[in-house]
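Structure record follows, encoded as structure tokens.
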Amino acid sequence: MTSRAWQDATRVVRAGLPKATPGAPYLPGPVFAAPFHAPGDPAQSPFTYGRFDNPTWSAYEQALAELEGGPCVLFPSGMAASAAVLATLLTPGSLLIMPEESYYTTRVLATQEFAGGWVAAQNVQVVQAPTSGSALVDAVRAHSGRVRLVWLETPTNPGLDVCDIAALADAAHAAGALLVVDNTTATPLLQQPLALGADLCVVSDTKAMTGHADLVLGHVAVRDVSLVESLRTWRTRLGVIPGPMEAWLAHRSLGTLHVRLMRQCATAQRVAELLASHAGVTNVRYPGLPGDPAHEVAARQMSGFGGVISFTLPTAAEVERFFAASALVYEATSFGGLHTSAERRARWGGDVVAEGFVRLSVGLEDADDLVQDIASALSAALS
Ligand SMILES: Cc1ncc(COP(=O)(O)O)c(C=O)c1O
């Protein structure tokens with residue numbers, strides 16, 4: 001049996017591990033080095049200098065490539081990965097089409113920095129459209145021949161809207177553009193953008209990929225190997241490099257990705273049903289709910305619906321009471337970790353959401369404990 005034929009649970013446990021060698025650990029520890037021994041012709045040394053390459057990065061990149069279905073380049077954060085894609089693919093005056101409600105900082109990077117700001121020389125033109133419905137496809141068609149890059153995020157953070165990756169890949173390619181998908185909320189285990197036709201896939205490994213809320217990392221997966229070189233060159237020249245310790249912790253965490261996600265998906269489904277049935281809660285969004293506007297497309301392109309849910313309480317005051325009454329929901333930003341957490345997203349500004357909008361990330365606690373805790377916190381908040 002080849003690793004391609006293995007099920008996901010097996011693939012994550014074995015991803016990127018070296019051949020079994022007597023006396024060696026299953027996963028070699030992190031390698032800390034600035035220079036490596038490299039006599040004579042540097043081309044003869046696999047590793048020369050710590051900003052160029054590192055065996056701990058390579059092992060995790062190999063693991064990621066096995067899961068993504070294309071070569072991967074590791075970055076020190078999800079934003080560093082996204083910035084590398086924009087910087088290496090856009091040229092001055094390029095047209096970029098992106099969602100109007102995707103991750104806030106990615107939108108700011110494109111609309112403020114690449115269209116002006118620090119990377120003003122790029123003078124990138126940005127067209128934004130809603131993720132749901134046909135607006136993105138329509139925008140791509142309307143700019144056929146001029147659009148260079150189409151950026152998707154599905155499911156979106158924080159609104160959990162979904163778009164049809166395969167349909168957008170067809171539209172982007174017909175328009176002469178490349179398609180990038182930010183797959184952070186789903187991870188390659190629940191959704192395979194490259195197999196669905198995307199040219200690149202960006203992931204913040206800070207979230208569910210690593211799942212322990214203890215590191216910041218990101219990666220880019222590509223279908224066309226020739227893009228790897230420019231991403232690596234960008235990483236080396238700017239010095240935006242991941243730490244070996246983070247890369248090793250990420251690789252170590254990968255082995256539990258499947259069990260973590262399966263538990264999160266199952267518990268999130270129960271929590272979403274509880275929220276949807278609660279009289280004081282509105283706008284519950286979870287792609288796994290049969291009545292959710294995203295359900296049909298999500299069921300087609302995802303193998304599970306993830307651990308993130310959004311919902312709205314009447315005002316900020318009810319959300320504060322919800323946090324005060326809950327024993328199990330940490331009030332924190334980020335998502336995908338093993339501890340259940342949530343935040344009132346409007347506290348940051350930036351996202352067009354109601355004051356009482358909450359993004360909830362379901363962790364690995366016992367499902368009955370969590371459902372009971374959330375039910376009683378809602379009763380306390382809404383009484
Ligand atoms: C969808 C999405 N993409 C990218 C990022 C950026 O990732 P990082 O915080 O690792 O830079 C985030 C962070 O929240 C995110 O939610």
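Under the criterion of Cα pairs below 8 Å and six or more residues apart, the relative contact order for the stretch 224-329 equals 22 percent. Within the stretch 148-280, DSSP assigns beta bridges of which about 40% are antiparallel (rounded to the nearest 5). Across the stretch 257-382, the mean sequence separation of Cα contacts (distance under 8 Å, 6 or more residues apart), normalised by length, yields a relative contact order of 27 percent. Within the chain, the whole DSSP H helices whose Cα atoms reach 18 Å or more along their own axis and whose mean Kyte-Doolittle score is at least 0.5 are 367-382. Look at Tyr49, Tyr103 and count the other Cβ atoms within 10 Å of each Cβ; fewest to most, that gives Tyr49, Tyr103. Our summary gives the chain a relative contact order of 16 percent, counting only alpha carbon pairs under 8 angstrom and 6 or more residues apart. For the chain, pairs of C-alpha atoms spaced more than 28 angstrom apart make up 46 percent of the total. Label zone of Asn283 (point 7 Å out along Cα→Cβ, amide N under 20 Å): in the stretch 348-371 this covers 348-362.
Residues Trp348, Trp234, arranged from fewest to most other Cβ atoms within 10 angstrom of their Cβ, appear as Trp348, Trp234. Given a 10 angstrom Cα cut-off, can you work out which residue in Gly116, Gly16, Gly255 is the most mobile in a GNM of the chain? Per the Cα network of the chain with a 10 Å cutoff, Gly116 tops the list.
Full extension of the segment from Ala43 to Ala9, taken as 0.36 nm per residue of separation minus the current Cα-Cα distance, would add 8.5 nm. With each label modelled as a point 7 angstrom along the Cα→C-beta vector, the Gln372-Thr91 pair spans 6.3 nm. Given a Förster radius of 35 Å and the C-beta distance between Tyr330 and Ala299 as r, what FRET efficiency does 1/(1 + (r/R0)^6) yield to the nearest 0.05? For Tyr330 and Ala299, the calculated efficiency is 0.70. DSSP finds beta bridges in the chain, and of those with both partners inside it, around 55 percent are antiparallel. Sorting Lys19, Lys207 by the number of Cβ atoms found within 10 Å of their own Cβ, with the fewest placed first, yields Lys19, Lys207.
Rounded to the nearest 20, the size of the Cβ-charge dipole of the chain about its Cα centre is 720 debye, with Lys and Arg at +1 and Asp and Glu at -1. Treating r as the C-beta distance of Asp138 and Ala166 and R0 as 22 Å, the FRET efficiency rounds to 0.85. Taking packing as the residue-averaged number of other Cβ atoms within 10 angstrom, the listed peptides 129-142, 27-40 run from highest to lowest as 129-142, 27-40. Note on the stretch 257-382: Kirkwood radius taken over Cα pairs, Stokes-Einstein applied at 37 °C and 0.692 mPa s, translational D equal to 227 µm² s⁻¹.
Every read-out reported here was derived from the displayed coordinates using simple, explicitly stated rules and does not represent laboratory data. Fair warning: this is a prediction, and the values are worked out from it, not measured in the lab. Heads up, the Cβs are rebuilt from the backbone with ideal geometry, glycines too, and the neighbour counts pull from every protein chain shown.
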